[in-house]
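J.: I am attaching a structure below and will ask some questions about it afterwards.
The values are calculated or read from the model by the stated rules, or taken from the named source; none is laboratory data. This one's a predicted model, so the numbers in the text were calculated from it and none came from an experiment. Don't worry about glycine lacking a Cβ; one is built from the backbone with ideal geometry, like all the others, and counts go over all protein chains shown.
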Ligand code: SAM
């Protein structure tokens with residue numbers, strides 16, 4: 001990494017490079033190395049431990065798909081649990097749903113929340129001040145292991161399975177999440193880019209298979225998560241949620257009157273169609 005460029009270190013053999021116009025913040029927190037800088041093409045960019053987490057330009061792809069696919073499939077989610085997601089972009093999208101009465105967000109690193117409020121205000125757009133929102137600074141795995149509450153939707157907006165995020169990719173963790181899901185609930189999580197990280201989707205599918213009556217993955221191609229299609233995991237004890245018709249999704253979307261830039265009911269339906277090599281990796 002030179003003074004005026006950031007080269008992502010997620011992969012040994014390949015890395016994307018961002019020119020840096022200005023560094024807003026760079027610090028080793030208690031948990032990870034956090035950097036927020038400006039790039040002419042992507043706007044403000046946040047990296048953790050040398051890995052791009054989110055950019056102003058393309059964050060909506062990921063946050064809309066992680067929020068609206070489970071929430072419109074459920075149709076009446078009142079209680080939502082977000083694990084990770086310290087930048088607030090996912091929270092912003094979740095709170096657009098009027099049915100949602102309560103969101104607990106469990107983020108391990110208070111500095112990410114504080115610095116995102118300061119340097120990435122367009123991500124949360126005031127969502128951290130919503131009275132429905134409750135922030136817990138803790139390890140998401142420890143939180144669900146001790147949690148007695150139940151949630152209609154659980155969203156795991158984690159880093160990659162390296163460092164503090166590793167515990168969020170274990171069967172034990174998913175089992176605790178299952179216990180915290182209300183009847184008719186669904187959990188979604190980020191599972192990397194299969195072209196680059198096929199093992200992630202493979203391992204998650206093995207864990208989901210042993211725990212959930214219905215599980216699958218759905219795709220979104222986020223430009224800065226290099227390698228093409230990224231997979232988001234889907235796990236529920238209620239198979240009907242994944243089978244919602246386009247008519248039902250369209251009615252819910254229109255009734256909600258939520259403005260989106262990526263999500264549409266048609267994108268929702270199509271996102272569950274996976275390339276053959278991904279189906280093979282997850283044993284379908
Ligand atoms: N929202 C994002 C996007 O657009 O892809 C990026 C991911 S978000 C910044 C990932 C968050 O997960 C980070 O803020 C990190 O601190 C948090 N995290 C990592 N491990 C965690 C753990 N074990 N428990 C709770 N949060 C964790």
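Each row is one residue, and each column tells you yes or no for (1) in contact (Cβ under 8 Å) with a residue 24 or more places away in the chain; (2) farther than 19 Å from residue 77 by Cβ; (3) within 20 Å of the chain's Cα centre (by Cα).
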position: 197; (1), (2), (3): yes, yes, yes
position: 203; (1), (2), (3): yes, yes, yes
position: 209; (1), (2), (3): yes, yes, no
position: 219; (1), (2), (3): yes, yes, yes
position: 228; (1), (2), (3): yes, yes, yes
position: 246; (1), (2), (3): no, yes, no
position: 249; (1), (2), (3): yes, no, no
position: 276; (1), (2), (3): no, yes, no
position: 280; (1), (2), (3): no, yes, no
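J.: Among the residues of the range 102-141, write down those that are assigned to a loop (DSSP other than H, G, I, E, B), in contact with a strand residue (DSSP E or B) (Cβ under 7 Å, 6 or more places away or on another chain) and more than 9 Å from the ligand (Cβ to nearest atom).
T.: Across the range 102-141, the qualifying residues are 120, 132.
J.: A further question on this structure: Can residue 235 be described as in contact with a helix residue (DSSP H, G or I) (Cβ under 6 Å, 6 or more places away or on another chain) and more than 20 Å from residue 98 (Cα to Cα)? First the steps, then the outcome.
T.: Working: in contact with a helix residue (DSSP H, G or I) (Cβ under 6 Å, 6 or more places away or on another chain): yes; more than 20 Å from residue 98 (Cα to Cα): yes.
When the stated conditions are applied, residue 235 passes them.
J.: Separate question: Could you identify the single residue in 144, 186 that is closer than 18 Å to residue 83 by Cβ, in the same structural domain as residue 277 (by TED's automatic domain parsing), out of contact with any strand residue (DSSP E or B) (no Cβ under 6 Å at 6 or more places or on another chain) and touching a residue at least 60 places away in the same chain (Cβ under 8 Å)? If you could, list the steps in order and put the result at the bottom.
T.: Numbers: 186 fails: out of contact with any strand residue (DSSP E or B) (no Cβ under 6 Å at 6 or more places or on another chain).
From the options 144, 186, the qualifying one is 144.
J.: Give the residue that is surrounded by the fewest Cβ atoms within 10 Å (Cβ to Cβ), with candidates limited to residues of the range 148-168 that are part of a helix (DSSP H, G or I) and touching a helix residue (DSSP H, G or I) at 6+ places or on another chain (Cβ under 7 Å).
T.: It comes out as 167.
J.: Condition first: touching a strand residue (DSSP E or B) at 6+ places or on another chain (Cβ under 9 Å), closer than 24 Å to residue 137 by Cα and in a helix (DSSP H, G or I). Now tell me which residues in the range 72-97 satisfy that.
T.: Answer for the range 72-97, where residues must be touching a strand residue (DSSP E or B) at 6+ places or on another chain (Cβ under 9 Å), closer than 24 Å to residue 137 by Cα and in a helix (DSSP H, G or I): 89, 90, 91, 94.
J.: Can you name the residue in the range 169-182 that is touching a strand residue (DSSP E or B) at 6+ places or on another chain (Cβ under 9 Å) and outside any helix (DSSP H, G or I) and, of all such residues, is farthest from the ligand (Cβ to nearest atom)?
T.: We begin by selecting, within the range 169-182, every residue touching a strand residue (DSSP E or B) at 6+ places or on another chain (Cβ under 9 Å); these are 169, 173-174, 177-178, 180-182.
With the extra rule that they be outside any helix (DSSP H, G or I), the set shrinks to 180-182.
Working: 180: 14, 181: 18, 182: 21 Å.
For the range 169-182, the residue satisfying everything is 182.
J.: Quick one: count up the residues across the range 250-284 that are in a loop (DSSP other than H, G, I, E, B) and crowded, with 18+ Cβ neighbours inside 10 Å.
T.: Taking the range 250-284 and keeping what is in a loop (DSSP other than H, G, I, E, B), we get 257-264, 272-275, 282-284.
The next check asks that each one be crowded, with 18+ Cβ neighbours inside 10 Å; those that pass are 258, 263, 274, 282.
Of the residues in the range 250-284, 4 are in a loop (DSSP other than H, G, I, E, B) and crowded, with 18+ Cβ neighbours inside 10 Å.
J.: Can residue 27 be described as within 15 Å of the ligand (Cβ to nearest atom), not assigned by TED's automatic domain parsing to the domain that holds residue 251 and not in a loop (DSSP other than H, G, I, E, B)? Write out each step before concluding.
T.: Numbers: within 15 Å of the ligand (Cβ to nearest atom): yes; not assigned by TED's automatic domain parsing to the domain that holds residue 251: yes; not in a loop (DSSP other than H, G, I, E, B): yes.
So residue 27 passes the test.
J.: Would you tally the residues in the range 1-24 being assigned to a strand (DSSP E or B) and either without any contact (Cβ under 8 Å) to a residue 40 or more places away in the chain or exposed (fewer than 13 other Cβ atoms within 10 Å of the Cβ) (or both)? Give the steps one after another, and end with the answer.
T.: So the first thing to find is which residues in the range 1-24 are assigned to a strand (DSSP E or B), and the list is 5-7, 17-19, 22-24.
In the following step, the residues that additionally are either without any contact (Cβ under 8 Å) to a residue 40 or more places away in the chain or exposed (fewer than 13 other Cβ atoms within 10 Å of the Cβ) (or both) were identified as 5, 7, 17-19, 22-23.
Matching residues across the range 1-24 total 7.
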